[in-house]
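Here the structure is laid out as structure tokens; the discussion comes afterwards.
Only the coordinates and a few stated rules stand behind these numbers; no lab work does. In this text, all values refer to a predicted model and were calculated from it rather than measured experimentally. Cβ placement follows ideal geometry from the backbone for every residue including glycine, while neighbour counts extend to all protein chains displayed.
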Amino acid sequence: MKKKLLSVILATAMVATMVGCGSATSEPAAAPAAEEAAPAKEAAPAEEVAEEPAAEEASDDLIVVGYAQVGAESDWRTANTESFKTTFTEENGYQLIFDDAQQKQENQIKAIRSFIQQEVDYIVVAPVVETGWETVLEEAKEAGIPVILSDRMMDVSDDSLYECWVGGNFVKEGSDAAAWLKTYLEGQGKGEEEINIVTLQGTIGASAQVGRTDGFASGMQDNWVMLDKQTGEFTQSKGQEVMESFLKKYPDIDVVVCENDNMAFGAIDAIKAAGKTCGPEGDITIISFDAVAAAFDSMIAGDMNADFECNPLHGPRVAEIIQKLQAGESVEKIQYVDEAYFDTSMDVAAIKETRAY
Ligand code: GZL
């Protein structure tokens with residue numbers, strides 16, 4: 001139910017009732033102090049004054065959710081969007097207003113302001129970067145619209161500006177990847193060798209980039225050398241472009257850490273185009289994040305070594321949060337989704353068949 005619509009109906013109805021009582025004012029209806037009210041017939045009970053045509057009531061019973069999505073930059077993002085669109089349907093009791101910001105923060109801020117003007121019931125944001133949100137979140141708070149963060153995090157001084165956050169533990173994803181590489185290299189008899197690493201980072205300032213970069217850094221070994229890190233913007237084309245430049249600059253790369261699968265796909269194409277090989281039987285070890293379906297194909301093909309999952313299916317979790325808020329229940333501020341990792345020592349073909357994205 002759109003908040004303002006209900007209050008206007010009630011106010012209008014109350015004025016209508018008061019007109020009937022000979023004491024209408026041009027002011028928005030306010031309950032008259034007992035001694036001021038003209039003698040009036042019994043005011044109709046509130047539920048009768050809010051009566052609306054049945055057709056309107058059906059649409060107004062829907063919970064209106066505005067979703068400010070990052071963009072459509074990756075397979076992960078596509079799966080995340082699909083999760084919201086299949087969860088927030090009319091048959092499930094929602095009206096979803098969806099905005100694709102094309103990876104631009106200014107577009108997300110515009111979308112949030114539009115949601116406020118449309119008086120949605122909830123605003124959900126997957127913030128493209130962590131900073132720059134305080135002002136628009138204050139506007140949402142002023143409008144009395146709860147904000148839920150999904151996927152990436154916002155860095156704000158006052159966490160009452162959002163109800164809660166649901167997403168992946170990016171730092172753990174990064175540190176798990178470093179721990180996996182240490183074990184893998186030891187298994188290859190390279191535990192003491194100098195290992196040259198490059199990293200294709202996600203969008204700089206996105207919590208997925210910050211967390212994965214910091215998490216992997218926390219697991220660096222003394223004999224590992226991080227030759228270079230550069231953003232591939234979480235896209236395949238930019239990932240390939242950056243990897244091409246790395247291959248020209250560094251002749252002896254041993255490991256590529258790709259902070260999402262689409263950049264990994266681009267890196268693999270660049271490595272092959274340079275006449276090198278990758279994967280468990282290749283010259284260069286490929287570590288990636290997200291674990292989307294196409295990444296399983298890459299592991300099955302022997303191009304990618306390991307992938308650290310970042311579950312994109314946040315739609316049902318956010319719906320669960322909204323239902324709790326609707327019922328006046330409190331919700332956990334920080335809610336991590338379950339995540340695993342996969343590598344070519346596992347039956348990745350069989351695992352792929354069990355996965356939803
Ligand atoms: C992670 C998400 C990242 C994915 C990328 O939660 O924010 O953004 O890892 C996507 O594929 O572009």
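Some observations on this one:
- Peptides ranked, highest mean first, by Cβ atoms within 10 Å: ranges 104-113, 202-211: 202-211, 104-113
- Shape category assigned to the stretch 234-301 from the gyration tensor of Cα positions, a/c cut at 1.5: oblate
- Whole-Hz ³J(HN,Hα) from phi, Karplus 6.51 cos²θ - 1.76 cosθ + 1.60, for the stretch 176-186, glycine and proline x: 5, 5, 5, 5, 4, 4, 4, 5, 4, 5, 4
- Counting every pair of alpha carbons in the stretch 166-318, the share spaced more than 28 Å apart comes to 11 percent.
- Translational diffusion of the stretch 197-262 was estimated from the Stokes-Einstein equation, with Rh taken as the Kirkwood radius over Cα pairs; at 37 °C and 0.692 mPa s the coefficient is 274 µm²/s.
- Across the alpha-carbon set of the stretch 84-211, the Rg to Rh ratio works out to 1.13, Rh being the Kirkwood radius.
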